[in-house]
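The values are calculated or read from the model by the stated rules, or taken from the named source; none is laboratory data. Here the structure is a predicted model, which is why all the values come from computation and not from measurement. With ideal geometry, Cβ positions are generated from the backbone for all residues, glycine too; neighbour counts draw on all protein chains shown. The area values use the complete protein model at the heavy-atom level, side chains included, leaving out ligands, DNA and RNA. Shrake-Rupley method; radii C 1.70, N 1.55, O 1.52, S 1.80 Å.
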There are 2 protein chains.
Amino acid sequence: MKISELAIASNVPAKTIRYYEQVGLLKPARRNDNGYRQYRIKDIDTLVFIRRCRELNIAIGDIKQLLDAQQNPNASCAFIDDMIAKQLNRIQQTQRELAILEKTLSALATSCANHKIEDCSILHHLKSN
Amino acid sequence: MKISELAIASNVPAKTIRYYEQVGLLKPARRNDNGYRQYRIKDIDTLVFIRRCRELNIAIGDIKQLLDAQQNPNASCAFIDDMIAKQLNRIQQTQRELAILEKTLSALATSCANHKIEDCSILHHLKSN
DNA sequence: TCTTGACCTTCCAGTGACTGTAAGCTTTAG
DNA sequence: CTAAAGCTTACAGTCACTGGAAGGTCAAGA
C-alpha cells in the first residue's frame, strides 16, 4: 500500500502520515525499490487509533506512550488511567474558562451597525471596564 | 518610562511588549540616547486594551484592526460587530465540541489501576469503537 | 576606580500539530 | 513521447508568545 492509499484508508493526509513518522509516532516505513513508503493493513489500524486519540485531544507524546504500552501486554496500565483523568480535568477547566468568555462576549455583542467608531459601545467597553 | 516599568504598569512582560512591536501591534517606540525604548503613560492604556482583547481571545490581527479603528472616529464600526459575533460563534462551537469530548472521556475513565495493558478497558475502547 | 548585578538591546530557536511550498524523481495514462 | 499525477526531501509558515545567548548600559557599593 502506498502512502496515498493509506491516507484514504485511514482518513489521515499523506503529509500528516509523514509527519507522524518524523516525530516518531510511526516507525519508519519500509521502502520499495523506488524509495516510496510501503505500508500494510496493520498500519491503517495504527493510524485510526492515533486519529481517534487526537480527536480526544490526546497529545502526540501521550499517544506515543499508549502505542508503546500495547507492545507490553503484561505491564501495568495505571498510567493510562492517569492520562485520561488529566485530560478530563484539562477539558473541564477549559469549559469553565470558555463559559466566562462567552458571557463576556455576549454582553459585548450589542449591535453597533450604522454607528461611528467614536460611539461604538463595544470599543467603549473594551477600553474601560 | 522604560520597558520594565511599562511591563509592570500594564502587566504585560517586557518580552511580549517587544514582540507586539515586532508584529506591528505597537508602533516602534522612540529610543533615547542609549537605545532603550522610551514609553509614555498613553502606552499603558494601549497595552491594557490589547491585553483585555487577548483575554477575550481576539487574534492579534483583529486587535490591530480595533486599534486602527480608533484612529478614525468617523468610520463605521460595523466590522467590530462582526468580529465579536464571529468570536462568539467560534467559542460556542468549541463549547459544543468540548461537551462531546468530555462525555467520551468520562465514559472512558473507568479505573484500570492494577490491571495489565492487555485487559485495559480504556485501550480496548480506543482500539475499536 | 573597579566591580557586580540588574537591566537593556538584538537575534535565533523552540513550542504543538500540522500545512504549504519548492525542487526533483517515478509512474501512469493518453 | 509527453504531460499529469504522485512520490521523495527539506525548509518555511502558522499562532502568540517564551527562552536563551551574546553583548551594551547603568547605578550602587567597596
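If you go through region A:2-24 one residue at a time, how many are within 9 Å of DNA strand D (Cβ to nearest atom) and assigned to a loop (DSSP other than H, G, I, E, B)?
The number of residues fulfilling the criteria is 1.
Taking helices (runs of 4 or more DSSP H) that fall entirely within region A:50-129, which contain at least 1 residues that are open to solvent by 70 Å² or more (accessible area, probe 1.4 Å) and closer than 28 Å to B:E97 by Cα?
Working: elements: A:60-69, A:78-108, A:121-127.
Ranges flagged: A:60-69, A:78-108.
Does any residue of region B:92-105 turn out to be farther than 30 Å from A:Q65 by Cα and facing chain A (nearest Cβ under 8 Å)?
Taking every residue of region B:92-105 in turn, at least one turns out to be farther than 30 Å from A:Q65 by Cα and facing chain A (nearest Cβ under 8 Å).
Answer yes or no as to whether B:I63 is touching a residue at least 12 places away in the same chain (Cβ under 8 Å) and touching a Cys at 6+ places or on another chain (Cβ under 6 Å).
Working: touching a residue at least 12 places away in the same chain (Cβ under 8 Å): yes; touching a Cys at 6+ places or on another chain (Cβ under 6 Å): yes.
Considered against the rule, which asks whether it is touching a residue at least 12 places away in the same chain (Cβ under 8 Å) and touching a Cys at 6+ places or on another chain (Cβ under 6 Å), B:I63 comes out as yes.
Could you please find all residues in region B:25-49 being more than 13 Å from DNA strand C (Cβ to nearest atom), loosely packed, with under 12 Cβ neighbours inside 10 Å and assigned to a loop (DSSP other than H, G, I, E, B)? Before you say what the answer is, go through the steps one by one.
Taking region B:25-49 as the starting set, the residues that turn out to be more than 13 Å from DNA strand C (Cβ to nearest atom) are B:25, B:27, B:40-42, B:44-49.
Checking which are loosely packed, with under 12 Cβ neighbours inside 10 Å leaves us with B:27, B:41-42.
Residue satisfying the conditions is B:K27 alone.
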